[in-house]
Structure formats: structure tokens, C-alpha cells
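Everything below concerns the one structure shown next.
No lab work stands behind these numbers, since they all come straight from the coordinates. This structure is a prediction, so every number in the text was calculated from the model and none was measured. Because the Cβ atoms are built from the backbone with ideal geometry, glycine has one as well, and the counts that use them run over all protein chains shown.
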Amino acid sequence: MRKVRFSPLSYFLVVALILMIFWPMVDNLISDNIDISKAIGMARNGDIKSARFDGDRLLIEAEEGNGTKVYRTVIPPELQNSFYDNYLKDGVEQGKIEFTARSISKDGFFKEVLPYIFMTLLFIFMMNSLFRQTNSQSKEASDFAKSKAKLFNQNSNSKITFKDVAGLEEEKVELYEIVDFLKNPSKYAKMGARIPKGVLLVGPPGTGKTYISRAVAGEAGVPFYSMSGSEFLEMFVGVGASRVRDLFAVAKKNSPCIVFIDEIDAVGRKRGSGLGGGHDEREQTLNQLLVEMDGFDKNQGIIIMAATNRPDILDDALLRPGRFDRTVTIGLPDIRGREEILEIHTNNKPIAKDVNLKNIARRTPGFSPADLENLVNEAAILSARKGDIEIKNKTFEEASIKVLAGPEKKSTVITEDEKKLVSYHEAGHAIVTKSLEGTDPVQMVTIVPRGSAGGFTYTVPENDIYYHTKTKMLNEVVVLLAGRVAEELKLNDISTGASNDIERATKIVRLMVSKYGMTSEIGTLDFTEEGGNLFIGNAITHSKNISENTLNSIDKEMKKIVDECYQKAKEILTEKDETLEKMAERLMEKETIYKKEFEAIYNGNYNPEDFAEDKLNIF
Ligand code: ADP
Ligand code: MG
Ligand code: ZN
């Protein structure tokens, strides 16, 4: 419920209205009605002290006993002048009677009508303001069906243009066409060219899909209406469709402009599929979207941009020509891209001289732009907390661990037993990593809990990775299982601490077998869903026909690989038993050890004093 609020003005007007209605009555209340002859008598006697004409009434104040009393009588306007001349004039001239001619009969008409005009105006005004109030209430109700599109003001300083977008050179070239079209649509109209109506941006989370769309709008200097796919959907059927309609109505009024639908997979999922049968509301919304996209003219100056990281689940109707007929794929940035992104996000921050962005870029393969921005931001926060005046290289290193593994949970109380368990577990991961060929160097091993993990072994890839080989994937599985193996070997018991390791190992093995065709048993066949984004939703909707037999073989093959990897980890750690002991011991004592110390322990030329000042050294 909404409270109706009256403005102070309307209070005043109400009071004025009441006064106007009741004012004549005040006279009636305090006065006695008398005959005109009695009034004449009073005048003759010289009892009248004051007299006043008010419309067709005469109000007189007359002496009576010790005090005065007010009387009223009716005198028709045409007789008022003669009454005054005959009975009041002398007294007034002698100063005995105080006379006020509030109403002289000749403009009596005006005086009488004016209050009514005023009252009518007042009434209209009040009705009007009352209406306005109810109007705004019903407007609120219909706002529910309105789109919630956010408009980014291109004049504000949050405006971004292509120069704020690092890397992505090819993508920018492709999108520049759109920018040019938005800037001068007539140029293209003259050529009869059909500019794409919709551009779909595809890429993993955090790669800058939303960001580059805003940059397109900023570059072209047109309004940018942004809405997330899920914002169309509400509990009530039909709301989504009406929001789509509204969004396009707004866009048409403000063209040229960009309409941006973020996470379009929320509404654009294939119709008639998905869990739990059809989803009426979503399908209606999608249908409306398709209708609207067909509904506006090709050169009306509206470009629809949409972003998704699941293009494989989008309805085909969205992707046909005339709708989202252009797809721009955005991948993770390479080393140069990362350096540029770091430059963009550090250029308004005080960076210490010892920071080398190129180095940071080299050591952050697999970081998305969002991760990099987060890294810079975390470093800035850490520096501020420490009271530094600049962001130092060391702080960037600390921040990178925080970004990768979550914040340290120093307050968590761990028992000695748990500490021992985590120490062996992490030492297991680290030692196996080091002893396998082609793995990334271990930079840090810690048993301080971070995020959801009990401990953390930090390895940094040397180079960008574009392809995963079978050997690499197997190595990864061996490393993942090594934590569990160490627990088993050293404590004769196993814990739940390895559950995340097991999950990741299983995922890798499943992909090797059923997607990448890396086993001779199954052969080079892809059994994952089209577009194969892991196995999301796959187990439920088998669109490909996989025989029971094949499923069985896949399971068997996966188990065989995992068993072999487990065995391999066991072999390595059994052989390195002494190293494992020493490493776990050192971890329990120091909680965190860094690369040099780790390698010294591993190589057996270890002297604890050498590493008192050891620190992380990655960037
Ligand atoms: P997505 O929509 O793909 O999930 P965003 O567009 O939200 O990712 O990007 C996340 C953040 O990463 C942005 O806020 C921006 O600061 C940063 N970013 C992304 N791409 C770039 C880029 N090319 N250059 C600079 N910063 C970028
Ligand atoms: Mg986004
Ligand atoms: Zn582990």
C-alpha cells in the first residue's frame, strides 16, 4: 500500500474553502434577524454604532443596555442607497456611526459572483490534484510491466569507448561497422545495405562481453539500454512479453540506440526443452522478442546486442538471419592482451616502480579480464589497508593468491590433527607436481585455509596454453589424486578434504574419454551434447543416442584411467617418502613455504636457516 500524501498547499486550500463556505454563517450566528422597520427605529433613536452592507443584508451594531448587539436585516440592493441617505447619512457625517460599504449595490453582481468563480476554480484545482495522485498510483502498477532497462548516460564520466578496451583488435574491427552505422545510418541506407540487426557476443564469463557492448555505444555516442535476460522474467505469465514490448517501444523513440540483453540464455533457451517440460513464461517472452526483432525496420537505427556464455542452448530462431545474424566470439586474452588490460586498470592508480606489468601478464595465463581487474583492485585494497602510498609488486603477488584461492581464513581454528592431515595432503600435491615432467613449477605450498580449501598448492603456468595434450591431462589427474594418496599412505585414513580434487579429476577424465576421443577403447567419438559444454544438463536430455553398452564402456574406461593415475601417484609418493615426511613437517611448522625452500627440500640439500626470509616471487 502506498500512503497518499497531500501537499501543504492543498491543506491550505481546504481550510480556505471551508472558511469561504462558512463565513456568511458566522454573521448569522452572532446576529439576530430583525425587521427593516425595527432597524429604521434604531436609526431614528440614534442607537446604531456601526453599519455595514453585505450583499442584500444590512448588519448593524446597536447599543443595548450596557453593551452592544449585532442585528441583521434584509434590504434589497435598489433600496440601499435611499436607506443610507434617509437613516444613516446624518449619523455617519456626525461621526456617530461607523459605516463600511462593503457592498455597493452597483457592483453587487460582481461581488456576489466572484466567490463562486473562485470556488469553482478551487474545486477544479482540487479534483485535478486528487486525480494526479491516483494517476501516479496506477502508473506504479503498470510500471511492473515496463522494462527495467538501465540507460547508461553517454555524457557521464562512466562512459567507455574503444580506447578503454584492451586487446580484442579483431573484435573491435568487426564491431566498428556497427559503430559507423549508428553514427551515420543514411550512408548505409543509400547503399541499400542491410546492417545486422543483432550481434551476439559469445565467450566465457568475465571476458568483457558486457564491457565491449557499452564501448560500442560509447564510441557511437548513442544511448545504451541494458537489460539482463533474467530481468524479463517475473513470477507472472505475460510480464516478460510486455517488458520486451516496452523495451522496444522505448528504443524506437530514442533511435539510433543500442539495446543490450545480457545473459540472453535466460530467455533465449531452446523452446520446448529444458528441465520440467515447457516454460510458458520464458517461451512467451522469447516469442515476443522474436516478433519485436522482426517488427522494426532494418535501417531504423536500433542495434540489438546480446551476450551469452552458452550459445549452444540458444533457440535456433534467434540465430537466423535478420535476428542475431552476427556472432562475435570473445576468448580469454593472450599475454599482450593481459598486459594492456593491466595497463588500463592500473593507469589511475599509484603503481610502485618495482611493478612490471609484463611479468604479471606472463604469469597469469588463463586469467580473464575480470580476473585481472579484480587482481588490480585487490592489490589496491591490500595496499590501502597496509597504509602504503603505492601498490608494490609484493602486494600484487599477495593479491594474485587471493584472486585464485580466496581470502586467507586466519581465524579458523584448526586442530593439530587437521593440520597434519592438510600438511600431508598438500605436500603430496606439491611433490607429485614436481616429479612429473611438463608440469608447472610450484610457487608456494600453504596449509592456511583459503576460501573453501583447507590448503593450497600454487603453481603458475610458464606459457599460455592453447591445447591440452593427453599427457598433460593425465598428469593433472595424477596431481589431483596425490593429495588423497598422501593421506592414505601417511595416516592410514582418508578425508573429505579431497572431494574437490576428485570432482575435478573426474571431469577431466570424462572429457578425455567421451569428448576428445583419447582412448582406443572408446575411439574418437564425441558423446557429449552438441556444442559440448562439459556435461551440463546432459545426463538428463540425451539427444544423441548412446547405447547402454557404450555408457558402460565409458564408465569402465574412466575408472581404468583414474585407477592408473592413482597408482602412479602412489608409486611416486612411496618412492619420495622421506621428502614427503620432511615437507609435511616443515609445513606444520611454518604453514607456508615458497618455491626455493620447496625445491631445496625436494632436492635434499636443505638447511632451514637459508629460508628464513624466503618469499613469494612470481611477478
Ligand atoms: P562478461 O560480460 O563477459 O562476463 P564483463 O564485460 O562484465 O564480462 O567484464 C568484466 C570486467 O572486466 C569489466 O568490468 C572490465 O573492467 C574488465 N574488462 C573486460 N574486458 C576488458 C578489456 N578488453 N579491456 C579492459 N578491461 C576489460
Ligand atoms: Mg556480462
Ligand atoms: Zn587437494
Item to complete: With only Lys, Arg, Asp and Glu charged, each at its Cβ (+1 for the first two, -1 for the last two), find how big the charge dipole of segment 334-445 is about the Cα centre; round to the nearest 20 debye.
Response: 260 debye
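Count charges around residue 518 for me, please; just the other residues with Cβ under 12 Å from its Cβ, Lys/Arg as +1, Asp/Glu as -1.
Numbers: positive: 470, 472, 510, 515; negative: 521, 526, 557.
Neighbour charge sum, excluding residue 518 itself: +1.
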Practice prompt. Once you have the Cα-Cα distance between residue 555 and residue 85, take 0.36 nm times their residue separation minus that, and quote the gain in nm to one decimal.
Written response: 156.9 nm
Worksheet, complete the sentence: Taking 391, 554 and counting other beta carbon atoms within 10 angstrom, the fewest-first order is 554, 391
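Please sort 201-207, 393-399 by packing, taking for each peptide the average over its residues of neighbouring beta carbons within 10 angstrom, highest first.
Values: 201-207: 18.9, 393-399: 21.4.
Output ranking for 201-207, 393-399: 393-399, 201-207.
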Practice prompt. Along Cα→Cβ, 7 Å out, is where each label goes; now give me the distance between the ones at residue 581 and residue 33 in nm to one decimal.
Written response: 12.3 nm
Worksheet entry | Listed residues 55, 240, 286: farthest to the positive end of the dipole of the chain (Cβ charges) | 55
Worksheet item: So what is the calculated 222 nm ellipticity per residue for the chain, using -39500 (n - 2.57) for each DSSP H run with n of 4 or more, over all residues, to the nearest 500 deg cm²/dmol?
Response: -16500 deg cm²/dmol
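As an exercise, use a Förster radius of 22 Å and the Cβ-Cβ distance of residue 177 and residue 320 to find the FRET efficiency, rounded to the nearest 0.05. Display every interim value, and only then the final one.
On the way: r = 20 Å, r/R0 = 0.91.
It comes to 0.65.
Charges only on Cβ, +1 for Lys and Arg, -1 for Asp and Glu: so what's the dipole of segment 201-357 about the Cα centre, in debye to the nearest 20? Write down the numbers at each step before the final one.
Values: 19 positive and 22 negative charges, 42 e Å.
The dipole of segment 201-357 has a size of about 200 debye.
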Worksheet item: From the backbone phi of segment 558-568, what are the Karplus-calculated ³J(HN,Hα) couplings (6.51 cos²θ - 1.76 cosθ + 1.60, θ = phi - 60°) in whole Hz, Gly and Pro given as x?
Response: 4, 5, 4, 5, 4, 4, 5, 5, 4, 4, 5
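Provide the gained length on full extension for the span residue 158 to residue 184, in nm with one decimal, where the gain is 0.36 nm per separating residue minus the Cα-Cα distance.
Working: separation 26, 0.36 × 26 = 9.36 nm, distance 2.40 nm.
The span from residue 158 to residue 184 would gain 7.0 nm if fully extended.
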Worksheet item: Considering the zone a paramagnetic label at residue 567 would reach in this model (a point 7 Å from Cα along the Cα-to-Cβ line), which residues of segment 425-457 have amide N under 18 Å from it?
Response: none
Worksheet item: Considering only 70, 200, 166, whose Cα is most displaced toward the positive end of the charge dipole of the chain, charges sitting on Cβ of Lys, Arg (+1) and Asp, Glu (-1)?
Response: 70
Worksheet item: What number, in percent, do you get for the relative contact order of the chain if the mean sequence gap of Cα pairs under 8 Å and at least 6 apart is divided by its residue count?
Response: 10 percent
Worksheet item: What is the magnitude of the charge dipole of the chain about its Cα centre, with +1 placed on the Cβ of each Lys and Arg, -1 on the Cβ of each Asp and Glu, and no other charges, expressed in debye to the nearest 20?
Response: 1780 debye
Discussion item. For a quick check: sort 338, 385, 362 by the number of other beta carbons within 10 angstrom, fewest at the front.
Written reply: 385, 362, 338
Worksheet item: Which cross-chain or sequence-distant (5 or more) residues have an amide H under 5 Å from the amide H of residue 519, H modelled 1.01 Å from N in plane?
Response: none
Response to the item:
Heads up, segment 366-468 by the C-alpha gyration tensor (a ≥ b ≥ c square roots of eigenvalues; a/c under 1.5 rounded, else a/b over b/c prolate, else oblate) looks oblate
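Can you tell me which of 507-514, 415-422 comes out highest on packing, and rank the rest after it, using the mean Cβ neighbours within 10 Å?
Details: 507-514: 20.5, 415-422: 16.1.
In descending order of packing, they fall as 507-514, 415-422.
For residue 170 and residue 300, FRET efficiency with R0 = 22 Å and r from the beta-carbon atoms, rounded to 0.05?
Values: r = 28 Å, r/R0 = 1.27.
Efficiency, rounded to the nearest 0.05: 0.20.
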Item to complete: Please tell me which of these pairs span more than 22 angstrom C-alpha to C-alpha: 472/559; 163/209; 507/596; 410/507; 150/209?
Response: 507/596; 410/507
Worksheet entry | Spin-label model distance (nm) - residue 516 vs residue 271, 7 Å beyond Cα toward Cβ | 3.9 nm
Response to the item:
Least to most buried among 178, 264, 601, by other C-beta atoms within 10 Å and fewest first, runs 178, 601, 264
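For the chain, what class follows from the C-alpha gyration tensor (a ≥ b ≥ c being the square roots of its eigenvalues): rounded when a/c is under 1.5, otherwise prolate if a/b is larger than b/c, else oblate?
Working: a/c = 3.47, a/b = 2.53, b/c = 1.37.
Judged from the Cα gyration tensor, the chain comes out prolate (a/c at least 1.5, a/b above b/c).
Working out 0.36 nm times the residue gap between residue 589 and residue 348, then minus their Cα-Cα distance, what length gain in nm do you get to one decimal? Present the calculation step by step, with values, prior to reporting the outcome.
Working: separation 241, 0.36 × 241 = 86.76 nm, distance 4.11 nm.
This chain segment gains 82.7 nm when fully extended.
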